[in-house]
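Colleague: Have a look at this one.
Just so you know, all these numbers are worked out from the coordinates, no wet-lab data involved. Source: prediction; values computed, not measured. In this analysis, Cβ positions are derived from the backbone assuming ideal geometry, glycine residues included, and neighbour counts consider all displayed protein chains.
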């Protein structure tokens with residue numbers, strides 16, 4: 001009787017249950033790994049954010065100064 005029940009259980013769903021459990025565990029492990037990776041990147045970049053912000057601001061100011069200089073250059077050329 002126990003031999004007859006064993007094949008029916010494995011074909012019905014008990015073989016799927018371990019697979020589902022394994023898939024859930026794999027997904028959980030992958031999620032933890034991704035979260036740790038994002039956290040590590042955040043920790044590594046965090047101290048440099050003020051520097052990156054300052055560089056971006058200076059770049060914008062340089063571009064504005066260059067555009068003003070080009071405008072002034074054209075204005076001076078028109079006066080000559």
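Colleague: So if I take the centroid of the Cα atoms in the range 18-36 and the same for the range 41-80, what is the distance between those two points in Å?
Modeller: Result: 46 Å between the Cα centres.
Colleague: Starting from the 7 Å offset along Cα-to-Cβ, what nm value, one decimal, do you get for the label separation of residue 34 and residue 78?
Modeller: My value for the distance between the label points is 5.6 nm.
Colleague: Now for a different question. Compute the length gained on full extension between residue 19 and residue 43: take 0.36 nm times their separation in residues and subtract their Cα-Cα distance, giving the result in nm to one decimal.
Modeller: Working: separation 24, 0.36 × 24 = 8.64 nm, distance 3.58 nm.
Taking residue 19 through residue 43 to full extension adds about 5.1 nm, to one decimal.
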